[in-house]
Every structure is written in structure tokens, then in C-alpha cells.
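Peer 1: Submitted below is the structure of interest, expressed as C-alpha cells.
All of the numbers you see were taken from the coordinates with simple rules; none came from a lab. These numbers come from a predicted model, not from an experiment. In this analysis, Cβ positions are derived from the backbone assuming ideal geometry, glycine residues included, and neighbour counts consider all displayed protein chains.
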Amino acid sequence: MYCVAYIFVYHAEEHLASGLVAVGYSAGPLLAMLGLRIAFGQPMTARMALGSAFGVLGIVLVFWPEFGRLSESREVAKGAMFTMLAVVVTTLGGLLAHRNHERELHGWPTMAWSMGYGGLTALAIALALGRPLNFEWTPDYMLSLLYLMAIGTIAAFAAWLTLLGRVGAARASYVGVMVPVVALLISTFFENLTWHPLMVAGIATSFAGNVLVLGGTPRSA
């Protein structure tokens, strides 16, 4: 989850628009439900299935214009393959985290060891592929790297794993649906994003799915 899935995402976005990769990740809740059913025997509720379907439909509507540019790419199949692998690996990581929570292996120490393993694995892959290790001593580079480490990784995964422990892997994986929606809202304020009717309909559909997925979630003790 801290290494292989990210590498697949980076390779996927070399061949596909980021919106299409986000569409792939919107299938995360459905895969998580299936995984929980197979690995832990948890039932698949109709409410969760319908909410997840709404999430997928909403993201497809948001990024529908990008589908029109698929014919311009010669390596769509390769990008789709990397996206599928990333989603599957992320789902497996979520299921392992679910198992760890059941065994009371959670919190900062578990996350620190996991990130350490992920970082060392990423370094080994980079060295095996002969990739140079570059660093830029510029404010933009260092601030973006600091943000990625502190906020985008440590804080974000701490929040997500806490959520997973409270509502389960299937509901927590709905983050994959909500991330692109939040990104669109941020782009509206900072990048003057131009909205279109399908985008509005897609966000409304995703929020409806969010209500269905998270509705009736029991509180953790």
C-alpha cells in the first residue's frame, strides 16, 4: 500500500489522464466488499453495493469528457492495466490493515514499520531499475516534498487507518471516490476550474453514494 500501489499509479498516469485513473479507484469499495466477503466472511449489504455503484457512476460522469480523448492515446491498455493493478494492490493493503486492526496491530508503531518497509522496497526497485536519486535544493521542491511526507502520507494514512478501524475496509475505501471530488473543489478555488453540467451531476451522485455508504455506520467504542 505504501510502495507498490503508488508505483503502479505513477506508471498509469504516464499513459492515462489522472481523471481516468480516479475512475478506476472508484471501484475500490466494491472490491473491498468482495474481499471482506471472501477473506473474513462479512456480508455484502445492498446499501453498501448501491452506494458504491453511485460513487462509480458519479466519478464517471465527472470525468466523462476525458473519455473522449482516449482515442488519442496509443497506450490506453497499458495505462488501464497499471490502474487495475494499483486498485487491486490498494484493496489488498486495506484488507491486511483490517486484519491488523482485528489483531490489535494498529497505531503509529505499526504504520511506521509499514512505511519503512514501503520506503526500502521503493528504493530497492529504483536502484534495480537504474533510476537516479535526484534532489533539488529549491524552496518549491523542498516544500512540496515536506507536504507530501507530513500531510499527504503520514497524516493522511493515519486518518485513513483510523477510519478503517472505525467503519471497516469497505466504507474506508470510499475515500477513493471522494478524493477526486475534493480535488475538483480545490481546483475551483486555486486553478479557476470551469465546471460543466456533468461535473455537477457527478459530484451530486457521489455525495448520494457517500450518504448510502456511511449511513447507519455504528460508532466505535
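Peer 1: Sequence gap at least 6, Cα distance under 8 Å: using those rules, report the relative contact order of the stretch 4-214 to the nearest whole percent.
Peer 2: Numbers: 212 pairs, mean separation 91.2, N = 211.
In percent, rounded to a whole number, it is 43.
Peer 1: How much length is gained on full extension from Leu133 to Tyr117, taking 0.36 nm per residue of separation minus their Cα-Cα distance? Display every interim value, and only then the final one.
Peer 2: On the way: separation 16, 0.36 × 16 = 5.76 nm, distance 1.84 nm.
Roughly 3.9 nm would be gained on extension.
Peer 1: Right, next: In the stretch 42-69, which residues have a backbone nitrogen under 19 Å from the label point lying 7 Å from Ala204's Cα in the Cα-to-Cβ direction?
Peer 2: 51-65
Peer 1: Work out the charge dipole of the chain with +1 on the Cβ of Lys and Arg and -1 on the Cβ of Asp and Glu about the Cα centre, then indicate which of Ala97, Ser26, Ala126 is farthest towards its positive end.
Peer 2: Ala97
Peer 1: Would you calculate, for the chain, the mean residue ellipticity at 222 nm contributed by helices, counting each DSSP H stretch of 4 or more residues as -39,500 (n - 2.57) and dividing by all residues, to the nearest 500?
Peer 2: Details: 12 runs with 160 residues, N = 221.
Helix contribution divided over all residues of the chain: -23000 deg cm²/dmol.
Peer 1: On to the next question. Consider the candidate values (1) 14.1; (2) 16.1; (3) 11.5; state which one is mean projected area of the Cα convex hull in nm² computed from the structure displayed.
Peer 2: Among (1) 14.1; (2) 16.1; (3) 11.5, the one calculated here is (1).
Peer 1: Oh, and also: Run the simple label-point estimate for Thr110 and Arg37 please: 7 Å along Cα→C-beta, distance reported in nm.
Peer 2: 2.5 nm
Peer 1: Please identify the DSSP H helices in the chain that span no less than 27 Å along the helix axis (Cα) and have a mean Kyte-Doolittle hydropathy of 0.0 or more. Present the calculation step by step, with values, prior to reporting the outcome.
Peer 2: Working: long enough: 76-102 (39 Å, 0.77); 108-128 (30 Å, 0.98).
Span-like helices here: 76-102, 108-128.
Peer 1: Considering only the other residues whose Cβ falls under 12 Å of the Cβ of Met48, what net charge follows from Lys and Arg at +1 and Asp and Glu at -1?
Peer 2: In short, +3.
Peer 1: What FRET efficiency comes out for the pair Glu13/Trp160, r = Cβ-Cβ distance, R0 = 22 Å, nearest 0.05?
Peer 2: On the way: r = 21 Å, r/R0 = 0.94.
Approximately 0.60, to the nearest 0.05.
Peer 1: What is the local net charge at Ile7, summed over the other residues whose Cβ is closer than 15 Å to its Cβ (Lys, Arg +1; Asp, Glu -1)?
Peer 2: Details: positive: Lys78, Arg131; negative: Glu13, Glu14.
Charge balance near Ile7 sits at 0.
Peer 1: Any idea what the dipole of the stretch 73-221 comes to, in debye rounded to 20, about its Cα centre with Lys/Arg Cβ at +1 and Asp/Glu Cβ at -1?
Peer 2: On the way: 8 positive and 6 negative charges, 84 e Å.
So the magnitude is around 400 debye.
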